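One structure below.
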Amino acid sequence: MAFNKPRKRRKNSQKAEDKEDFSIKLNTNLDDNIENIKKLLDDPNDLVTRTFSIGHTKYTCAVAYIDGLTNTTLINQMIIRNVQAEVESPETKVSEAGAPLLDRLYNEWLSVGGVKKAYSLDDVSLAILSGNTVILVGGTDQVIIIDTQGGPERAVEEPTTERLIRGPKVGFTENIRTNTVFIRKRIRDANLRFQSYKIGRRSKKTLIVTYIDGIVHPNLISEVNKRLKTIDLDDAAESGFIEQWIEDSFLTPFPQLEHTERPDKVAQALTDGKVAILLEGTPFALIAPITFSNMLHSPEDYYERWLFSTLIRFLRYLAAFIAVFLPALYIALLSYHPGLIPYKLAFFIAASREGVPFTAAVEAFMMEITMELLREAGFRVPQPIGQTIGIVGGIVIGQAAVAAGIVSPIMVIIVAITAISSFSLPAYGLAISFRILRFGFMLAAAIFGLYGIILAYIVVNIHIVNLKSFGVPYSTPFAPSFKGGWKDIVIRAPLTTLGKRPGYMKPKDKKRMNKGGNTS
Amino acid sequence: MKPFDYSDEKISQRELGFAIPSVVIGVSVLTAPRLLAQATKFADGWLCILFGGLIALLFTWLTAKLAARFPNQSFFEYSSMLVSKPVAFLVTLFLVFYLIIFTSYEIRYIATISKQYLFDRTPAEVIGFAFLLVVTYAVTGSRAALFRLNVLFLPIIIAVLFVVLLATIPLFDWKHLFPLFKTDLKGYINGTKVGFFSYSGWVILLFYTGLMTNPDKAPKVTAAGMIVPMVVYTLLYMTTIGVFSNIVTRNLVFPTIEMAKEVKIPGGIFERVETLFFTVWIMAIFSTVTLLFDASIMALNSIFKKVKKQTIIFILVPIVYLISMLPKSLIQLVKFGDVLDFLYPIAEILIPFILFFIAYLRRKKGHG
């Protein structure tokens, strides 16, 4: 409860501000309005205001937009030229100024799809700052806002963080419109819904909640909306802000929303009855709710044939096990239970550790921290030097440390296998939490050996069964299990046998395919 | 229609079905083959296990039937309806006492065996304390989550046990099992007693059945759950006798772990499988302890409704710890077990049976 208090207070004060903000109405005088807009924005040099006459009439109007944020061709061709040229024909006699003139502009002369009217200076400034164009006409306090968003944009690329061998090669971009298009292009369902929010007091970014009505459970939608409505911050720079604001618990290493750059992954989640959240300015969409097993699945599992996918999933669970447990097991076996190691290997390890001045635990911690450093350095370093880090880390540190007798070669092998395993996990979010857990397990192993590992394993399991992602237990579908859920956890059964959507989502429409085919 | 809210602390029938083997399979697995071998001759103990299991099954069914009559009511509520409030108060307190003794016994047992098989220098007090801390963390969480945990753990436990049993096939000698039926009646009775005592733990049904989404199904699923330990015990007993013969088994303190010691994993990835086996077995004992401890918390909570669950836990944990550290040696621990064997028939047979009888005669039913 204590955590909620500051948030509530902030919300109240925000409401008070809102009341003052939105009371500024527009003027009826054209020049005054333009002057007000300029004053409001402090007349920046990228603000373009142009006053021009409407065709051959005596009346004038003005456009205002921000240069660079807008599609200038559209403004020049479809707005200014139309208004200047179209109105010259004799039938279009304009007799009155003000609101009727604005209506005619609205109804007849503007050949643009996205047009709407606005009344307050605040709407106008938000429209201009979002890259829309405002048309002002003298004698009325209404304006027309035309959708002319444009500006620089990254080209669509293959998602760099989630590469697949087989699968579509497009990824989301920073432009939210492009992202919704990718979803629409995949799901041409009339029930596909986009609910939009404005996020951020200062940034006013668009956030879109998308789901398929008729599949998704209504309570999930209301829960997502309830949480999104509490968001009140200056700017959500990335969807990570949204994730951390609406997640169930922050006292956990596990992510409770999945982030992805892949439109096909989002589309699949939507047809499973989940909800996706897109935020303007980031290529990472959020998917909710997720479960532990979801994080070990990749979209490619469904694109490849089932036998291969099943084996790959076995491999992935093994990788998850190694990524978390291997250094801890090394510590436990060497320090507490050397008898468990086959004697030939035990002799080999003992011989290779000859002269190593540290205990197994210290050695493991040292090398794991070095590995984490290398990994971080590899991410941060400028691309051309990236190779150097690999050489420095892999050869110099690994080789030199062994040659100097500070660590044993077997430790280097352990660290390398652990790192490779953690890189082979499909979800970056889960890989991060495994990195945290690995150190916890190593600590437990250093204190209590195998007993410590099993106790730590039990603690992690207790945590997972208590954790929820939007009301769905994180341990689903292992426990609570659902009928047929086993077909898509560790194994991936043949596609035609996966006729039902995941039971834990409680979808309204349960069947996702008709097994007999559409033969009738 | 609130399917997205799982936090309503309801337990599905499958989860309750998993809870029975989880609570029953505990430390008794480690010693039961020895006690049975002492009571019977050759491999005749299997009859005792099955017969004891059938009695346990009957009482499990009866206990679940009793609790299922009063859905959404705590044990204290429905027992005071049946036998008046003061008597119900005493009965609940007795059950709490029994459950706490049981919990302490299991914790002490795991500390002792861990010391024997995993550590030689670490004191049992520290081992037990670490274990109790984990148990405390588990019971402070949601109750429904505890049942989810059992669903996660039970398959691992059973799988590891079966791996060990399968790996003993090369060591198995059929001659150890024969001749059949050489035990006298007294031996069978003693053996049945031993067999029956290793099924203890179903008393938790008195408390949990009321939390089920569908309590009417409870007797069926819990009886089905009881079949799992019956099968496990029978297989385990037969394998132990087959591997070691009756004479050797009756002289091994922990025959099950010793059997795991004999096992060779093909390929030689690991030696000393018993350490691994025992490590995983900690999970089984953990499941037992959390369910027993949580049941005692729930029983206390049903009497003292206004006291927070957390408060009860923090009062009980030191008590459990102190009781579990009372025995000084394995022999004292066995004596401690005898106390439990004395309480067990009262708590798990007499009380449910009398309550069921009264409920049946007075045709009392819950309002749930």
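Can you tell which of A:G240, A:G214 is outside any loop (DSSP other than H, G, I, E, B), away from chain B (no Cβ under 14 Å) and surrounded by fewer than 19 Cβ atoms within 10 Å (Cβ to Cβ)? It would help to see each step written out before you state the result.
Values: A:G214 fails: outside any loop (DSSP other than H, G, I, E, B).
Among A:G240, A:G214, only A:G240 is outside any loop (DSSP other than H, G, I, E, B), away from chain B (no Cβ under 14 Å) and surrounded by fewer than 19 Cβ atoms within 10 Å (Cβ to Cβ).
Would you check which residues across region A:261-303 are β-branched (V, I, T) and within 22 Å of A:F314 (Cα to Cα) and list them?
Residues of region A:261-303 that are β-branched (V, I, T), as a first pass: A:266, A:271, A:275, A:277, A:282, A:287, A:290-291.
Once the filter is applied, which keeps residues that are β-branched (V, I, T) and within 22 Å of A:F314 (Cα to Cα), region A:261-303 yields A:I290, A:T291.
In region A:146-169, which residue that is touching an Asp or Glu at 6+ places or on another chain (Cβ under 7 Å) and surrounded by 14 or more Cβ atoms within 10 Å (Cβ to Cβ) is nearest to A:I80 (Cα to Cα)?
The residue in question is A:P159.
Cβ contacts < 9 Å: first residue modelled with pLDDT of 90 or more, restricted to region B:353-368; second residue among the aromatic types (F, W, Y), any location; separation 6+ or different chain. Result?
Note: pairs meeting the criteria are B:F353/B:F59; B:L355/B:Y78.
Please tell me if B:I265 is without any contact (Cβ under 8 Å) to a residue 12 or more places away in the chain and either surrounded by fewer than 16 Cβ atoms within 10 Å (Cβ to Cβ) or in a helix (DSSP H, G or I) (or both).
no
Residues checked against (1) assigned by TED's automatic domain parsing to the domain that holds A:L326; (2) farther than 30 Å from B:F129 by Cα; (3) in contact with a helix residue (DSSP H, G or I) (Cβ under 6 Å, 6 or more places away or on another chain); (4) surrounded by 20 or more Cβ atoms within 10 Å (Cβ to Cβ):
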{"residue": "A:G390", "(1), (2), (3), (4)": "yes, yes, no, no"}
{"residue": "A:A404", "(1), (2), (3), (4)": "yes, yes, no, no"}
{"residue": "A:V407", "(1), (2), (3), (4)": "yes, yes, yes, yes"}
{"residue": "A:L450", "(1), (2), (3), (4)": "yes, no, yes, yes"}
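Determine whether region A:328-345 contains at least one residue that is charged (D, E, K, R) and modelled with pLDDT under 90. Talk me through it step by step, then tell me what you get.
Within region A:328-345, the first condition is being charged (D, E, K, R), and the residues that meet it are A:344.
Then keep just the ones that are modelled with pLDDT under 90; that gives A:344.
Looking for residues that are charged (D, E, K, R) and modelled with pLDDT under 90, one finds at least one in region A:328-345, hence yes.
Considering only residues that are polar (S, T, N, Q) and under 20 Å from B:S200 (Cα atoms), look in region B:80-132 and name the one that is farthest from the other protein chains (Cβ to nearest Cβ). Lay out the reasoning, then the answer.
Within region B:80-132, the subset polar (S, T, N, Q) is B:80, B:84, B:92, B:103-104, B:112, B:114, B:116, B:122.
After this cut, where a residue has to be under 20 Å from B:S200 (Cα atoms) as well, the list is B:92, B:103-104.
Values: B:T92: 27, B:T103: 16, B:S104: 18 Å.
The selected residue is B:T92.
For region B:85-132, what are the residues that are outside any helix (DSSP H, G or I) and crowded, with 21+ Cβ neighbours inside 10 Å? Spell out the reasoning first.
Restricting attention to region B:85-132, the residues satisfying the condition of being outside any helix (DSSP H, G or I) are B:118-123.
Scanning region B:85-132 gives a single hit, B:L118.
Any residue in region B:142-151 that is in a helix (DSSP H, G or I), away from every other protein chain (no Cβ under 11 Å) and buried (at least 19 other Cβ atoms within 10 Å of the Cβ)? If you could, list the steps in order and put the result at the bottom.
So in region B:142-151, the residues in a helix (DSSP H, G or I) come out as B:143-151.
If we keep only those that are away from every other protein chain (no Cβ under 11 Å) too, we end up with none.
The answer is no; no qualifying residue exists.
If you scan region B:203-251, which residues turn out to be modelled with pLDDT of 90 or more, under 21 Å from the mean Cα position of the chain (by Cα) and small (G, A, S)?
B:A223, B:A224, B:G225
Only one residue in B:V280, B:V273, B:V307 is of a type in the set (V, I, T), at negative phi and more than 9 Å from chain A (Cβ to nearest Cβ), so which one is that?
B:V307
Inside region A:479-493, can you point out the residues that are surrounded by 22 or more Cβ atoms within 10 Å (Cβ to Cβ) and facing another protein chain (nearest Cβ under 8 Å)?
Scanning region A:479-493 gives A:A479, A:P480.
Hey, among A:G171, A:G151, which residue is modelled with pLDDT under 95, more than 20 Å from A:H297 (Cα to Cα) and small (G, A, S)?
A:G151
Can you name the residue in region A:494-517 that is without any contact (Cβ under 8 Å) to a residue 60 or more places away in the chain and in a loop (DSSP other than H, G, I, E, B) and is also farthest from the other protein chains (Cβ to nearest Cβ) among such residues? Outline the logic, then answer.
Pass one, region A:494-517, residues without any contact (Cβ under 8 Å) to a residue 60 or more places away in the chain: A:496-500, A:503, A:510-511, A:513-517.
Narrowing the set further to residues that are in a loop (DSSP other than H, G, I, E, B) leaves A:498-499, A:510, A:513-517.
Details: A:L498: 21, A:G499: 20, A:K510: 13, A:M513: 23, A:N514: 25, A:K515: 25, A:G516: 29, A:G517: 31 Å.
Among those residues, the one meeting the criterion is A:G517.
Here is a yes/no grid of residues against (1) small (G, A, S); (2) at negative phi; (3) free of Cβ contacts under 8 Å to residues at least 40 places away in the same chain:
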{"site": "B:Y188", "(1), (2), (3)": "no, yes, no"}
{"site": "B:K193", "(1), (2), (3)": "no, yes, no"}
{"site": "B:G201", "(1), (2), (3)": "yes, no, no"}
{"site": "B:F207", "(1), (2), (3)": "no, yes, no"}
{"site": "B:A224", "(1), (2), (3)": "yes, yes, no"}
{"site": "B:I227", "(1), (2), (3)": "no, yes, no"}
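Could you please find all residues in region A:462-471 being outside any loop (DSSP other than H, G, I, E, B) and either over 15 Å from B:K10 (Cβ atoms) or over 21 Å from the mean Cα position of the chain (by Cα) (or both)? Walk me through it before giving the result.
Filtering region A:462-471 for residues outside any loop (DSSP other than H, G, I, E, B) gives A:462-466, A:468-469.
The answer is A:I462, A:H463, A:I464, A:V465, A:N466, A:S469.
In region B:74-109, which residues are among the hydroxyl-bearing types (S, T, Y) and under 30 Å from B:V134 (Cβ atoms)? Full working, then the answer.
Of all residues in region B:74-109, those among the hydroxyl-bearing types (S, T, Y) come to B:74, B:78-80, B:84, B:92, B:98, B:103-105, B:109.
Those that are among the hydroxyl-bearing types (S, T, Y) and under 30 Å from B:V134 (Cβ atoms): B:S74, B:T92, B:Y98, B:T103, B:S104, B:Y105, B:Y109.
Please specify each residue of region A:126-137 satisfying the condition of being crowded, with 20+ Cβ neighbours inside 10 Å and either small (G, A, S) or assigned to a loop (DSSP other than H, G, I, E, B) (or both). Working first, answer last.
Filtering region A:126-137 down to residues crowded, with 20+ Cβ neighbours inside 10 Å leaves A:127-128, A:132-137.
Of everything in region A:126-137, those that are crowded, with 20+ Cβ neighbours inside 10 Å and either small (G, A, S) or assigned to a loop (DSSP other than H, G, I, E, B) (or both) turn out to be A:A127, A:N132.
Go through (1) within 14 Å of chain B (Cβ to nearest Cβ); (2) more than 17 Å from A:F434 (Cβ to Cβ) one by one and return the number of the condition A:S475 breaks.
(2) is the only condition that A:S475 fails.
Of all residues in region A:33-84, how many are part of a strand (DSSP E or B) and either outside the structural domain of A:I128 (by TED's automatic domain parsing) or of a type in the set (K, R) (or both)?
So the first thing to find is which residues in region A:33-84 are part of a strand (DSSP E or B), and the list is A:47-53, A:60-66, A:70.
From what's left, either outside the structural domain of A:I128 (by TED's automatic domain parsing) or of a type in the set (K, R) (or both): A:50.
Count: 1.
Hey, which of the helices (runs of 4 or more DSSP H) in region A:315-421, taking only ones fully inside, have at least 3 residues that are free of Cβ contacts under 8 Å to residues at least 60 places away in the same chain and within 14 Å of chain B (Cβ to nearest Cβ)?
Details: elements: A:343-352, A:360-380, A:386-390, A:398-404.
By residue number, A:343-352.
The values are calculated or read from the model by the stated rules, or taken from the named source; none is laboratory data. Note that this is a predicted model, so its numbers are computed, not measured. Glycine gets a Cβ as well: all are built from the backbone with ideal geometry, and neighbour counts include every protein chain shown.
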